[in-house]
1. Given the peptides 85-94, 55-64, 36-45, arrange them by the average over their residues of other C-beta atoms within 10 Å, most packed first.
2. From the phi angles alone, apply the Karplus equation (6.51, -1.76, 1.60; θ = phi - 60°) to the stretch 95-108 and give each ³J(HN,Hα) in whole Hz, x where the residue is Gly or Pro.
3. Quantify, in whole percent, the carbon and sulfur part of the accessible surface of the stretch 35-75 (1.4 Å probe; protein heavy atoms only).
4. Which of MET214, ALA200, LEU55 sits closest to the plus end of the dipole of the chain, meaning its Cα is farthest towards the positive end, when Lys and Arg get +1 and Asp and Glu get -1 on the C-beta?
5. Taking Cα atoms, how many degrees apart are the long axis of helix 2-43 and the longest axis of the chain, rounded to 10 and kept between 0 and 90?
6. Helix 49-67 versus the longest principal axis of the chain: what is the Cα-based angle in degrees, 0 to 90, to the nearest 10?
7. Averaged per residue, what accessible area in Å² does the chain show with a 1.4 Å probe, protein chains only?
8. Karplus couplings for the stretch 142-152 from phi (6.51 cos²θ - 1.76 cosθ + 1.60, θ = phi - 60°), rounded to Hz, Gly and Pro as x?
Amino acid sequence: SFPLFLLLGMRANIAYQHYWEARGFWGDTINRIRNLARLAVLYLPPHARPRFCALLVAYSVTKKRHLRDERTMLLELADVLGPCDRRDAAAAQHSPLWCLDALSKYVADTKRQGGMDSNEAAYFHEQFAVLEFAMSSCEKVKRTPVPFAITSHLRTSLSIWVVLLPIALFGTVQWYSIPCTFVVSYIVIGVEHVATEVEAPFTHDRNSLPLGQMCDMVRANVFEVLERSRNEAAVLSLTAPRPVWHGL
């Protein structure tokens, strides 16, 4: 039993490691998007901020859809992107990469027009690179499951162990070996089932990451930053001193 439980513990540990890594990469993505939204309202011209922030929100949505192998994202982005951007994002083979490409071009155009200097543009591109790394890391977690040989061997060994368990217990607990077998089998097989669920953190299962809630939080945070910048600009325009004209 000890070698079998050791293998089962290793299986559960690998699965939870996948889950925790995925959560860490998504947390980093959320933090970077918030930071980019804050920088956008500081360094980008006012007319460029809405689309830049919309592309940040679109990146989180397209990342979620991409990791779930879903292509239907137009309705979710209907109130975020314009028709042309929605069409281009849906047509792209890798939609999150398209969003990062559009954001990079936005920064490059702003720099070319004199809206920011080289250091500021370089910092924006550095943040985009971190988002791209988080995307690649999530793809690695998704496409690197526990090797089939380990899973197959564990399940076969568990099946044999469960079948032989009543025989091993009968000499000690007699007919109580039947309910004992049911209880122990439920616990052991349940651990393997939980490991299988947790191993895939990007699906729609209840044990997967709440990607929809994360994207909603990103949308709320980014648009809050954008709206606050608009309100501050409006207040400044109202409180700005007006020129006093003196008669000649």
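1. On the way: 85-94: 15.1, 55-64: 25.8, 36-45: 18.6.
Result, highest mean Cβ count within 10 Å first: 55-64, 36-45, 85-94.
2. Coupling constants for the stretch 95-108: 4, x, 5, 5, 4, 5, 5, 5, 5, 5, 5, 4, 5, 4 Hz.
3. On the way: 990 of 1630 Å².
Carbon and sulfur together cover 61 percent of it.
4. LEU55
5. Orientation of helix 2-43: about 10 degrees from the principal axis.
6. Taking Cα atoms only, the helix is inclined about 20 degrees.
7. Values: 14520 Å² over 248 residues.
Result: 59 Å² per residue.
8. So the J values, rounded to whole Hz, are 5, 9, 10, x, 4, x, 4, 4, 5, 5, 5.
The values are calculated or read from the model by the stated rules, or taken from the named source; none is laboratory data. All of these numbers come straight from a predicted model, not from anything done at the bench. Cβ sites come from the backbone with ideal geometry, for glycine too, and all protein chains shown count toward neighbours. These area figures cover heavy atoms from the full protein model, side chains too; ligands, DNA and RNA do not enter into them. Shrake-Rupley method; radii C 1.70, N 1.55, O 1.52, S 1.80 Å.
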